Amino acid sequence: VQLEKSCSTKTQEWEERQKTRAEELVALADTISVLNDDDALDLFKTTLPGSAASLVQVRVSQSSQRARALSMIRSMRQNAKADLRPHLDLMALTLTGKKGLSAGGFDQVIKMCDDMVVMLKQEQLDDEHKQEYCAAQLNVAENKKKGLERSISDTEASIESAKEGVATLTSEIAALEVGMKACDKSVADATEQRKAENSEYKQLLASDTAAKELLGFAKNRLNKFYNPKLYKAAPKQELSAEDRIFANNGGTPPPTEAPGGIAGTGISLVQISAHNQLSEDAAPAPPPATWNAYSTKSGESSGVIAMIDLLIKDLDKELSEAGVEEKEAQSDYQAMMSDSADKRAQDAKSLTEKESTKADMDSQIQDHGASAKAATSELMAADKYISSLHAECDWLLQYFDVRKAARADEVDSLEKAKAVLSGADYSLLQRRSSGFLSRKQ
C-alpha cells in the first residue's frame, strides 16, 4: 500500500514536471521564433547599436538544444525501468560525444528515440496480451478447480451413502441368516414332534386293534357256547399247491400250526402289561365241599357280551378320534412345512439379492475411491498450476495500470526529446553571422 501511494505521488510529480518543462520549451520556442522573424531583425538593425545587438540577439545553437535533450534524457533515466536504462545511457553518451555536435549527429539520437518508442509500444502490447492470457488462464483454471472440488464432494457423498447402504445390508443379511436358522430349527423341532406323535398314534392303533380283535375273539368264543348261531368258525387252513397235490394223492396234509399270541388266539399285543402274580406265601382257597347240578349261565353271558360290545365301541371311538387328530396334526405339519419352505425360499432369494447388492456397493465404493483419488491428484495439479499462474501474473495484473502510465510517460518524454532535437536541426537553429543579427536574404 505504501509503495502504491509512493508510486502515485511520484507519478503526479513527474507529470507536473513534464508539463512545466513542456511549457518552458514552448515559451522558449515562441520567443526564439519572434526574435528570428525578418521584421524583428530589420527593426533591431535600425534601432539597436551594433555593440549592443549581441545583448538582444538570441541564437539557438546545437549545444543548447543538445543540453536540453540531454537533461530530459537523464531525467527519464532516473525513473526508467532497468531494461531501458542502457538505451537511455547510450543516447546520453551519443549526445555528450563529439559526434553529437557534428552534422547529422542528432539524427542518430532521434532514431534511437524512435526505436525506443517502438519498443515501449511493443512492450505495452505484450503486456496487454499477457494480461488477457493471464485472465483467461486463471478463469479456466479456477473453473476447473471448482468443478474438481464439486466432483470430489459428490464422490465423497456417494461413498458415504454407499457405506451406509452396505452397513444396512450387512445388518439385514445377518437378520435373514438368523431368521433362516430359526426357521430350520423350528422345522426340525416340528418334524421330531410329528414323528413322536405319529409313533404314539401307531402304537395306539396297534394296541386298540389288537384289543378289538381279542375282544371279538372272546365274544365269538362265548357265542360258540351260548349262542351257536352267532358263532363264526375260523377260516380253514389254506393249503399250498404242493400240499393240495400231496393230499389229493392220498397223502396226509401237514398239521395245522397252533395259533400263537395271547392265550393261543393268534392275537399279539405290541405292549403287554405285567401280570399280577400270586404270592408264593399265600395259602390256596379251600375247595368247595360239594357242588350242585351244573346249569349254563345264558342270562349272565348276554351281559358279558354286551359289555364286550361296549368295550369294542369305546375302542372304535378312540381309534376314530385318534385318526382325526392324526390327520389334523399331519395336515398342520404339512402346512407348516409348506409355509416354512416358502419363507425359506423367499429369505434365500432375498439373501442372494442383498448379498449381490452389497457386492455391487462394495465395488462402487472402490470405484468411487479410485475416482476421488484421481480427482484429488488432478486438483493438486490444478492448484499447483494456479499457483504458478499467480506467481507469473499477479505482479503484472496488480501493476498493469501503473506500468502503462509510466510507459506512456516515457513515450511522451521521448517524443518531446525528439521534438527538441528536431527543432534544433530545422526550426530553432539560427546560423551564426559574423557579428550582429543578419537579415535573411
Amide hydrogen neighbours beyond the local backbone of Tyr399, cut-off 5 Å, H modeled: none
Orientation-averaged projected area, Cα convex hull of segment 330-419 (nm²): 10.4 nm²
Calculated from backbone phi, Karplus (6.51, -1.76, 1.60) coupling profile of segment 133-147 in Hz, x at Gly/Pro: 4, 5, 4, 5, 5, 5, 5, 5, 5, 5, 4, 5, 4, 4, x
Solvent-accessible ranking of His129, His390, largest area first, probe 1.4 Å: His129, His390
Entries in Lys202/Lys224; Lys349/Lys373; Lys5/Lys404; Lys144/Lys373 that, when Cα-Cα distance is taken, lie over 26 Å: Lys202/Lys224; Lys349/Lys373
Derived scalar couplings ³J(HN,Hα) [segment 384-390; Karplus, 6.51 cos²θ - 1.76 cosθ + 1.60; whole Hz; x for Gly, Pro]: 5, 5, 5, 4, 5, 5, 5
Kirkwood Rh (inverse of mean 1/r, distinct Cα pairs), segment 170-233, angstrom: 16.1 Å
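The values are calculated or read from the model by the stated rules, or taken from the named source; none is laboratory data. Computed from a predicted model, the values in this text were never measured in an experiment. These accessible areas exclude ligands, DNA and RNA; they are computed on the full protein's heavy atoms, side chains included. Shrake-Rupley method; radii C 1.70, N 1.55, O 1.52, S 1.80 Å.
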